[in-house]
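Enquirer: Got a structure here, written out as C-alpha cells. Questions coming.
What follows is calculated from the coordinates using simple rules that are stated; it is not laboratory data. Since this is a predicted model, take the numbers as computed values, not measurements. When we count neighbours, we look across all protein chains shown, and the Cβ atoms used for this are built from the backbone with ideal geometry, even at glycine.
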Amino acid sequence: MNNKRILSHGLNLGPESRPTSTASIMNHVLLALFPGLFAQFYYFGTGYLYNLAIALFAGLLCCLTIALAMTSTSEKALSYASPTPKHRFPGSIARKNISPILLDNSNWVTCVLVAIALPPNMPILIVTVAIVSALGLGKYIYGGLGQNIFNPAMVGYGVVLISFPSDLALWPPVIEGLSGATPLEQLKYNSGQTVQELTAGPAFGTLAGQGWEWINAAYLAGGLYLIYQRIIGWHIPVYLLASIILWSAAWYDMGSSLSLGSPVFHLFSGGIMLGAFFIATDPVTCPSSTRGKIYFGLLCGSLIFIIRSWGGYPDGIAFAVLLANLCVPLIDHIHNIND
Amino acid sequence: MNLLIEQADPPTRVYLAVQDRHWREHGQVDFGTYVLKGSLLVGGDNPVHATTSGTLERTVLRPSSRKNAEPALHLSIRSDGKDQWLPRAKNLSPLTQSAEALLTKIATAGIVGLGGGAFPTATKLATAIRHTPRYLIVNGVECEPGVQADEALMHAASVEILQGALLALQILNLDQCILAIGEDKHSALEIFTQKILQQELSGKIQLLPVADKFPNGSERQLIKICTGTALPRNVYPAQLGISVLNVSTLYAIYQAIYLDQALVERVVTLHTPQSAKNIRVHIGTPAKDLVNNNFPSRANAPAVSTNLIQRGGPLTGWIQSIDACVEKGTTCLQLIKNTVPKPALPCIRCGKCATICPENLLPQELYWYSKPLNEAKLNALKLTSCLTCGLCETVCPSQIPLTNMFRDSQTLLKQYAAHKQQARQVSARVKARTVRLEKSGQSTQSQREKRLSRLRQSRSSNHEQ
C-alpha cells in the first residue's frame, strides 16, 4: 500500500508511527552513533578513523561479493532452501539483487559497530576478518536482512576476540603515560585494593574510568535520541541497565577489596551503553513481544555482569548478547502475544 | 468532499450474487419472467431481491466481490430502465408489532450489516436477544479516511436513522442506545444533536463523539470505547448481549419496516485519483458500469487501471476485477493508478506494526509464520482476531503487503479448519457404519446359519425318503 496515498486521505497515525523506510531507520542509528564516535575519537585518536575506513571498505567489498553471489545463484537452486511460497514472498533471497544489499544501510551499521567495538589501530587482517564474519557468518549465511538469529556485529567481534585475544586486549591508555589496563581490568585484578583506593588512581574519573565515562555518556545520549525518535523501544535498554544496577549493588560489598565495583562504575564502563542502546536493541535478534523484550534485557544485563565479574574476559557485551540471542526463540515461544 | 448523495441510474444489467447453495429449492421466480424492483427472487436464509425492474435472464459466473473467492454464481436481470417498485404495504404500525415479527421482516428484507461485514442483521439481533441484550451501539464513526458513505447518509437521512434506532431498541427491549459518531464529522454531530432535541429522544439515544482515530469504527474497538471493557478474543459481541449496528443498516431497517422496502440500494463512495462522490447504487451494479456512468472520461484515463478496482477503503480494501459487482457490504470503490508497487524489503522485525496493532497482535511474527503457512503458530498468535485494518502495512518501513497476506492466511486457516471438521465427521460416520455393519452382519450371519441348517435338515429328510 502506498503510504503517501493513505496520508493524502488524512489518516492520523500519531507521532509514534510515521511511515518510514528501513534505510531511514538505519540512517537514524548511524546518526545516533556520532556522539559516541566523536568521544572515542577524542580519547583514542585517529586510530578509530583508521578502523572505520578499513571496516567500511571491507564491508563494501563483502556486500558486492555477496550480492553477486546471490544474483548468480538461480532461483531454482535456492528454492530448496527457502520454503516454496503459495503467498507472495517478498523477502526471498533469490530475488535480491545488488541494490537492496547496499542501499538498506543495515550493513553499514554493522560495519560501524564492528569498527568501534575493536580497539583502535587494529591490523587490516583483523578488521577484515571481523567484517567478513559479521556479514557472512552473522547475517547472509542465514539469508540476509531480517533472517539472522545472532547480532551480526557481535558475531564478527566475537570471532576476532577468540581468534586474536592478545591483539584485542591492546586498549591504548586514555591519558599518556598510564599503564595499558582498562579500568574494568584494574577492578577485576585489583590485587587487594579497596574500591576507594582504586578509584583514587589516575585512570579513574568522577564516575568511572577516565574517558570511558564520557564515551558511555555520549552513547547514552545517542540512545536517548533513538528512543525519542521511536527507532528503538525503551524496554530493552532500561531493563538491561536495571539488571546491571541490581547485580552490581548486590556485589558492591561497601567498596571492600572483594567488591566488584559500584553500580555507577558499571553503568559507565566498557561498552555498556553501546551494548544497551545499539546492540541489544537490534530488532532482528530480539524478541517481539514486550514481555519478551523485558526478559531479554534482564538476561543480557545479568550475563554482562557475570562475564565481567567471573568470566575470562574483562567485558562481556558481545558474548552476553550472543547468548541472549540464543534464547530469543525460546522467549518468543513462551511470550508470543502482547496481551 | 461533497456530501450530497447522487442517485445512480439503473444499469443495463444487474448481477445478484447467490450465496445459498440450495438456492434452486428456494427459487421463487422462473427465468424469463418480468420482475419488479424489490420482488423476492430467492428465499431462504440469504434472500435475494430484484434490485431493479426487468427480466430475470439466467445465472452467470462473475468475479466474486469477496477476497480470494472463486467466481460466484450471479442471477442476471436485464433492466427495462423504469426502475419500477413492487407495490408495497401501507399503514404499517411497527410500534405495536412483536419483536419476532419485526425480526422476520428484517430477515425477509435481506438486511445485512452494511458497514462492510454483511452479516445478517436479524441473526445478529436474535443472538443478542438469546443472550439478554445489554447494549445497543449505533455505529456512525466511519473512521477510514476517504470513505464517506455513512457520513453522507447521516446528513441525508438523520430522522430515518433515529427511527431505525428506536425500532432496534424495541426489538432488543432496551431503554437506551449509544449513537457513536466520529469527532471529525462536525455537521453530522450537529444535525443529530438538533434532531434528538427536537424529537425529545435524549432519554433514549445518547450521542457519543468518538475520537477520529483509525480503526475506532471497527466493532470491537468501538465496543471498548463505549463500554470501557475490551471484548475477550473469540467472543462475539452478540454473545455478551452487545449489538453494534451501522447507521446505514438502521436506515435499511427503517425502510424495511416503515416503507416495506427490501434492501435493494446502498450508498457507495466512488473515488478517482482526483475526485470522489457518494452515489446511491442498485446492488448488483457492475463496478465497470458505475465508473463509466459517473466518470465518462475515466477522469484521467491513462493513469487509471482499466481492468482493476479497489473495493473498500484505502487501508482495508483489496484490488479486484472491475467486472465485480456492488454488493450489500460494499462501502467504497476506488479507481486505482496503474503503478507498479515498490518491491518489499525483508522484515527487520522493527516492531512498529506491533505498537500500532489495535488488537495487540504481533504482525511481524504473523508475517513470519504466514510465509510457509504454519497453522499451529498462527492460531497461537491469534491470527483470527486480526481485523485486516491495514495499519501494520501502513507503518511498515519495508513496505511488506501484510494485510493481503493476513487475509490470505485467514482464508486458508478457515479452509483448513473446515476440512478438519469434515474429516472428523467422515471418520465418525465411517466408524458408525462399521459398527452398524458388524451388528447387522452378525444378525444376518445367524439368520443364514439357521436357514442353512433348515435346508440341510430338509435335504437329509428328502434323501431318507
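Enquirer: Out of B:Leu383, B:Leu290, B:Met154, whose Cα points farthest toward the positive end of the dipole of chain B (charges: +1 Lys, Arg; -1 Asp, Glu; placed on Cβ)?
Expert: B:Leu383
Enquirer: Would you be so kind as to identify all helices of chain B, as entire DSSP H runs, whose Cα atoms reach 15 Å or more along the helix's own axis and whose mean Kyte-Doolittle hydropathy is at least 0.5?
Expert: B:158-172, B:247-258
Enquirer: Report the net charge of residues surrounding B:Gly113, where surrounding means a beta-carbon distance below 11 angstrom and charges are Lys +1, Arg +1, Asp -1, Glu -1.
Expert: +1
Enquirer: Considering amide H positions built from the backbone, and no H for Pro or chain starts, which residues 5 or more places from B:Glu265, or on another chain, come under 5 Å of its amide H?
Expert: Close amide H contacts, sequence-distant or interchain: B:Ile283.
Enquirer: Counting partner chain Cβ atoms within 10 Å of every residue's Cβ in B:352-358, what's the average?
Expert: Partner Cβ neighbours, averaged per residue: 4.
Enquirer: Order these peptides, B:265-273, B:30-38, A:249-257, B:445-453, by their mean beta-carbon neighbour count within 10 angstrom, highest first.
Expert: By packing density, highest mean first, the sequence is B:265-273, B:30-38, A:249-257, B:445-453.
Enquirer: Please name whichever of B:Ser458, B:Ala354, B:Gln422 sits farthest to the positive end of the charge dipole of the range B:336-465, dipole taken about the Cα centre and charges placed at Cβ: Lys and Arg +1, Asp and Glu -1.
Expert: B:Ser458
Enquirer: If you take every DSSP beta bridge whose two residues both sit in the protein assembly as shown, what share of them, in percent to the nearest 5, is antiparallel?
Expert: Roughly 60 percent of the DSSP beta bridges within the protein assembly as shown come out antiparallel.
Enquirer: I've got another one for you. To the nearest 20 debye, what charge dipole does the protein assembly as shown have about its Cα centre, counting +1 at the Cβ of each Lys and Arg and -1 at the Cβ of each Asp and Glu?
Expert: Working: 66 positive and 49 negative charges, 733 e Å.
So the magnitude is around 3520 debye.
Enquirer: For each of A:Phe265, A:Phe41, count neighbouring Cβ atoms within 10 Å of the residue's Cβ, then give the residues from fewest to most.
Expert: Arranged by neighbour count, lowest to highest, A:Phe265, A:Phe41 become A:Phe41, A:Phe265.
Enquirer: To the nearest 500 deg cm²/dmol, what mean residue ellipticity at 222 nm is calculated for chain B from DSSP H runs of n ≥ 4 alone, each contributing -39,500 (n - 2.57), summed and divided by the residues?
Expert: Numbers: 14 runs with 176 residues, N = 465.
Result for chain B: -12000 deg cm²/dmol, rounded to the nearest 500.
Enquirer: Rounded to the nearest Å, what's the spacing between the alpha carbon centres of the range A:242-258 and the range A:95-172? Just the number, please.
Expert: A separation of 33 Å, based on Cα centres.
Enquirer: Quick one: order A:Tyr295, A:Tyr228 by neighbouring beta-carbon count within 10 Å, fewest to most.
Expert: Lowest to highest Cβ neighbour count: A:Tyr228, A:Tyr295.
Enquirer: Using the alpha-carbon centroid of each, what span in Å lies between the range B:208-246 and the range B:401-437?
Expert: Distance between centres, Cα-based: 30 Å.
Enquirer: Once you've got the Cα coordinates, tell me which of B:Lys213/B:Lys328; B:Lys377/B:Lys439; B:Lys67/B:Lys124; A:Lys293/B:Lys185 are over 32 Å apart.
Expert: B:Lys377/B:Lys439; A:Lys293/B:Lys185
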